[in-house]
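The block underneath contains the structure these notes are about, expressed in structure tokens.
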Amino acid sequence: MAINSKRRVNLRFVSLTSLSSLAVFCTFALSIGTLGGCGDTQTKQSTGASKRSDETSEHIELETQAVKKRKLGDSLNVAGEILPEFGKEVSLTNRVRGRVVNIFVKPGSKVEKGQVLAMIDSQQISDLQSQLIEANSKLDIAKAHEERERQVYREQIKRPETLLEAKEQFEEAKVQLQLSKQNMERYQKLLKEGIAASKDFYASQAKYNRARSLHRQAKANMEREEGLFKNKAMLRRDLQLAQAEVRRAKQRVSTLKQRLVFLGMTEDKANQIMTSGRIEGTVPIIASMSGTVSKQDVALGAIVDPGKEAFRISDLSTVALSAEIPGVDLPGLSIGMPVVARISGLPGRKFEGKINYIGSHIDPETRTAPIRARLDNKDLKLKASMFADTTIKLPPHMVLACPKESVQKKKGHDVVYVADEDHFVEQPVRLGRDNEKFYEVISGLKEGDRVVTTGSLLLKTEVASGRPGAMVISGRENLTR
């Protein structure tokens, strides 16, 4: 009884108060005392076990919690990789063969969109600039010719009025010719009759000759105006040919400018070359986005070939977390689901984001599809190609759940201790998904069972040592395998 008097198992929710339990407990204690007289060695061992049992059992506080249905979210753990976001990394290549004559940045430099990174001197650029200057000169000549033909055509449009005036002048000259002829003939008759003086006859003859000359001139002018009016279609054709020549010259200039712009020259620079007529022969490598120079693969004075990467610009203020998801798990995923990434090189930190892309095709070899999530990276700790332990949080569901602290491992199996009226039942369980606090119970427990949480490990220790620190019996394994 001295041993039993030292056992004070403090149960907050479960107490051993029944008289029958107390009688069984006292009988078990007396049997231990009887075994103590069998020999010195055995007595010492039993006495030591009793003391350890007393010390272990003293001040054990047990708490229980009811098993009930809770919202429990599942998670999917996969390997991921940090990558630049779509459109946040660009490779800059040179499109002409040439020599590097200037470099204005270095790896790690912050650049803005449109900033010149390097200058390339190229014979191809010089040839195109020369052709552009020549084509621009031909365009000026074609424009001048077109303007001249336009003025001629505009004059031709006014020809009907001129023709009418010429006809009026011809008719007037014709009338004057007839009058002067009649007057001359009258004076000639009077002169023969001796009535008129010869001087009057000669004066009328002079007027007739002058009227005849004016008549011939008016007739020629009228015929010329009639011919010009009839040739109006020919003058219009000349104007159209001049306009077509201008269009052809413009197209040539535009084509050469487009080729220079395609090879890296700005349009403003091409216009400047046309205006000045000066050949420079250099072309810049220009940043097509703002970011950081993450790679430089050119050196001053080096010859570069078309298509070779010269610079790489990255913007890693935000990055993409990419992971391959097995096809069987894809139906449970959707855009907007939360994702957590952990990097082995950054212990204690986690990076959260949401799925913003799910691949539409399964890889026939790996049977996986890619997903992506956007992660903030303002401090630039995440680097491209880093590996990440990725956890995808799935939507919660109502399931039967028990506290994690109530579960203990025994011989490779999960067990809990279920509180009954005056004892505990060691109950094997089969568990499913989990979160930070709870396990899903697939089988082994029912709703309303109270399981030991605080003190479950000490209770397991008592059972394993074979000492009745608390009254525990084994439950039946009713798990569904």
Task: FRET efficiency for residue 248 and residue 97, using Cβ-Cβ distance with R0 set to 41 Å, rounded to 0.05 - done: 0.85
TODO: Neighbouring Cβ atoms within 10 Å as the yardstick, rank 451, 105 fewest first.
DONE: 105, 451
Open item on the list: Please list, in order along region 165-174, the HN-Hα scalar couplings obtained from phi with the Karplus expression 6.51 cos²θ - 1.76 cosθ + 1.60 (θ = phi - 60°), rounded to whole Hz, x for Gly and Pro.
Closed with: 4, 5, 5, 4, 5, 5, 5, 5, 5, 5
Task: ³J(HN,Hα), Karplus 6.51/-1.76/1.60, whole Hz, each residue of region 341-352, x for Gly, Pro - done: 10, 10, 10, 4, x, 10, x, x, 10, 9, 10, 10
- [ ] Could you tell me whether region 123-279 comes out rounded, prolate or oblate from its Cα gyration tensor? Rule is a ≥ b ≥ c as square roots of the eigenvalues, rounded for a/c under 1.5, then prolate if a/b exceeds b/c, otherwise oblate.
- [x] prolate
TODO: Between beta-carbons, use under 14 Å as the cut-off and find the net charge around residue 176, counting Lys and Arg +1, Asp and Glu -1.
DONE: +4
Open item on the list: Only counting other Cβ atoms within 10 Å, I'd like 132, 346 sorted with the fewest neighbours first.
Closed with: 346, 132
- [ ] Please find the FRET efficiency linking residue 167 to residue 210, where r is the Cβ-Cβ separation and R0 is fixed at 25 Å, and quote it to the nearest 0.05.
- [x] 0.75
Open item on the list: About the Cα centre, and with charges only on the beta carbon of Lys, Arg (+1) and Asp, Glu (-1), how big is the dipole of region 242-365? Nearest 20 debye, please.
Closed with: 640
Open item on the list: Give the residue list of trypsin sites (Lys or Arg not before Pro) in region 310-397 that are DSSP loop and have at most 16 other beta-carbon atoms within 10 angstrom.
Closed with: 349, 350, 367, 378, 381, 383
TODO: Search the structure for amide H atoms under 5 Å from the amide H of residue 354, placed 1.01 Å from N in the peptide plane, and list their residues when 5 or more places away or on another chain.
DONE: 339, 374
Open item on the list: I'd like the trypsin sites (Lys or Arg not before Pro) in region 416-464 restricted to DSSP loop residues with at most 15 other Cβ atoms within 10 Å, sorted by number.
Closed with: 437, 446
- [ ] Please work out the C-alpha center-to-center distance from region 361-414 to region 98-113 and express it in whole Å.
- [x] 41
Task: Those chymotrypsin sites (Phe, Trp or Tyr not before Pro) in region 61-168 that DSSP places in a loop and that have at most 16 other beta carbons within 10 Å - done: 86, 104
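No lab work stands behind these numbers, since they all come straight from the coordinates. Note that the structure is a prediction, hence the values are computed from the model and not measured. Note that we place each Cβ from the backbone using ideal geometry, even for glycine, and neighbour counts take in every protein chain shown.
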